[in-house]
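Here's the structure we're looking at; comments come further down.
FYI, it's all coordinate maths here, none of it is from the lab. Every value quoted in this text rests on a predicted model; they were computed, and no experiment measured them. Glycine gets a Cβ as well: all are built from the backbone with ideal geometry, and neighbour counts include every protein chain shown.
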Amino acid sequence: MEFGEFSKTNYSISLDTKSQLFSARSNDNPEFEATGVTIQDALSELSKLDTSIRR
């Protein structure tokens with residue numbers, strides 16, 4: 001098993017199982033958070049808030 005940093009993304013994704021919405025949060029600016037029905041929707045909304053988000 002390999003351990004290490006495999007992703008260079010500057011955001012994190014979570015799923016709210018109660019509302020069934022994905023949440024994307026900027027790692028550089030944690031106050032920026034967006035939700036969407038899909039991961040792509042959440043990232044698209046987040047990129048509108050934080051221009052440093054690379055998808």
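To make sure I understand, if each residue's beta carbon is the centre and we count other beta carbons within 10 Å, what order do Asp28, Asp41 fall in, fewest to most?
Asp28, Asp41
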Kindly provide the GluC sites (Glu not before Pro) of region 8-55 that DSSP labels as loop, not H, G, I, E or B, and whose Cβ sees at most 16 other Cβ atoms within 10 Å.
-> Glu31
For a footprinting-style exposure proxy, rank Ser14, Ser47, Ser19 by other Cβ within 10 Å, fewest first.
-> Ser19, Ser14, Ser47
Taking 0.36 nm per residue of separation between Thr35 and Leu49 and subtracting their Cα-Cα distance, the length gained on full extension comes to 3.9 nm
